Amino acid sequence: MPHLTHLEDLGTAGVPRVIEQALAWKADGPGAHLRDVLLGMLFFNPSLRTRASFEAVMARGGGSALILEAGKGAWAMEHREGIAMDGDRPEHVREAAPVLSRYVDLLAVRAFAQLQDDQVDEGDALIRAFRAHATVPVISMESAREHLCQGLADVLTLRERYGSLKGLPVTLSWAPHIKPLPKAVPNSFLLTAAAAGCQVRIAHPPGFELPGPVMAQAEALAAESGGSVELGHDQAAALAGSRAVYAKAWGPVLPAAGDAAAMMQAHPDWQVGPAQMARAETDASLLHCLPVRRNVEVAATLLDSPASAVVDQAENRFHVQRVLLDMALGQSALTERSAA
Ligand SMILES: CC(=O)N[C@@H](CCCN)C(=O)O
Ligand SMILES: NC(=O)OP(=O)(O)O
């Protein structure tokens, strides 16, 4: 089953294929490539961009989408194996995934990190349960470990702005927030940029390390693509000479060594603003996946400046998702080309 939930489903060869096809279709669309296709979308968490962009892809492509919210309209859902379901979740993924698969051609799932333990979140059990039990392709709309569509849209945005991605210096900077957030977005930017051959610099305060297995995977991808991954605790040093600054809040290493919300607010000087951008190249772009808390994570003056690429990134979700849905259906020019 051609599930598309993690970067490993695409590999280093898949990333440029998706990016180049998305660019080509952005210039000259694919027409009604999803005629008669029905996408099921199951949300465990809220969304603006993901929901709207997938619905738009389906409508523009001549198909349609149905939307379910677990625990809100649809039953709350359990995924753990072998337990007595005596809590507040009446439905199990073991039935829900095959049942939904009888109605739809593709199943997209959003299930955020639980934010208790990085090892648990890194294991991504809920989306993996859908992979195991669905009988149609599963697409991730952000899971505990990764936000595949976001990482691809981010790298497409860099490709459009800077041409070649090989050796492009890009900085992923931790940013403050009022509470701990998931690591899926920074994980996916790191993995996708490394797979694309970028020179990725990561900067965060001590105690906010990204999961070891994700770092190791990024280094392996960079070794294959000719990219690199550097890690440091000095934001200014990591920004020097960068072409793109990805500002993103993420939580401390979990379980947290202290009060996680207080830890998120203990480094207000990491807010990304004009002074930080000034350390990067003059044509550098500001990236953020959105939603962004103005004047907490990123200065409003920077978000409102020409350097900001955040709306382009959001637009590019549509363009990469068209390609991913097409790939999952096995009907794309990409599939034909790789089979040829
Ligand atoms: C504010 C918040 O919860 N952000 C989520 C979603 C980001 C994009 N889907 C996060 O940081 O993972
Ligand atoms: N960037 C992103 O996934 O946005 P939503 O959470 O609004 O879908």
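The values are calculated or read from the model by the stated rules, or taken from the named source; none is laboratory data. If you're wondering where the values come from, they're calculated on a predicted model, not measured in any experiment. Glycine gets a Cβ as well: all are built from the backbone with ideal geometry, and neighbour counts include every protein chain shown. Quick note on the areas: whole protein, heavy atoms, side chains included, nothing else; ligands and nucleic acids left out. Shrake-Rupley method; radii C 1.70, N 1.55, O 1.52, S 1.80 Å.
Of all residues in the stretch 282-309, those being without any contact (Cβ under 8 Å) to a residue 60 or more places away in the chain and surrounded by 20 or more Cβ atoms within 10 Å (Cβ to Cβ) number 7.
Out of all the residues in the stretch 57-92, which are surrounded by fewer than 17 Cβ atoms within 10 Å (Cβ to Cβ), in contact with a helix residue (DSSP H, G or I) (Cβ under 6 Å, 6 or more places away or on another chain) and not polar (S, T, N, Q)? Across the stretch 57-92, there are no qualifying residues. Determine, yes or no, whether Leu210 is within 16 Å of ligand 1 (Cβ to nearest atom), over 24 Å from Leu115 (Cβ atoms) and either surrounded by 14 or more Cβ atoms within 10 Å (Cβ to Cβ) or touching a residue at least 12 places away in the same chain (Cβ under 8 Å) (or both). Spelling it out, it is not the case that Leu210 is within 16 Å of ligand 1 (Cβ to nearest atom), over 24 Å from Leu115 (Cβ atoms) and either surrounded by 14 or more Cβ atoms within 10 Å (Cβ to Cβ) or touching a residue at least 12 places away in the same chain (Cβ under 8 Å) (or both). Which of the residues that make up the stretch 158-192 are crowded, with 19+ Cβ neighbours inside 10 Å and away from ligand 1 (no atom under 16 Å from the Cβ)? Hits for the stretch 158-192 are Leu158, Arg159, Leu165, Leu168, Pro169, Val170, Thr171. Taken over the stretch 99-121, the residue count meeting the criterion of being open to solvent by less than 40 Å² (accessible area, probe 1.4 Å) and closer than 27 Å to Ala328 by Cα is 11. Please return the ranges of strands (runs of 3 or more DSSP E) entirely within the stretch 122-236 where 3 or more residues are assigned by TED's automatic domain parsing to the domain that holds Leu254. Counting at least 3 such residues, we get 169-174, 199-203, 228-232. Among the residues that make up the stretch 265-287, is at least one of them out of contact with any helix residue (DSSP H, G or I) (no Cβ under 8 Å at 6 or more places or on another chain), outside any loop (DSSP other than H, G, I, E, B), within 16 Å of ligand 2 (Cβ to nearest atom) and closer than 28 Å to Ala27 by Cβ? For the stretch 265-287, residues out of contact with any helix residue (DSSP H, G or I) (no Cβ under 8 Å at 6 or more places or on another chain), outside any loop (DSSP other than H, G, I, E, B), within 16 Å of ligand 2 (Cβ to nearest atom) and closer than 28 Å to Ala27 by Cβ: absent. Can you tell me which residue among Glu95, Glu78, Glu69, Glu122 is touching a Phe, Trp or Tyr at 6+ places or on another chain (Cβ under 8 Å) and either of a type in the set (D, E, K, R) or farther than 19 Å from Leu324 by Cβ (or both)? When all the criteria are applied, what remains is Glu69.
The residues listed here are Leu302, Leu325, Leu286; of these, the one that is in the same structural domain as Ala24 (by TED's automatic domain parsing) and away from ligand 1 (no atom under 15 Å from the Cβ) is Leu325.
When Gln265, Gln271 are screened for being within 16 Å of ligand 1 (Cβ to nearest atom), outside the structural domain of Met58 (by TED's automatic domain parsing) and surrounded by fewer than 16 Cβ atoms within 10 Å (Cβ to Cβ), only Gln265 passes.
Just checking, which of Val320, Val292, Val245 is within 17 Å of the chain's Cα centre (by Cα) and part of a helix (DSSP H, G or I)?
Val320
Taken over the stretch 1-52, the criterion of being part of a helix (DSSP H, G or I), out of contact with any helix residue (DSSP H, G or I) (no Cβ under 9 Å at 6 or more places or on another chain) and of a type in the set (D, E, K, R) is satisfied by Arg51 alone.
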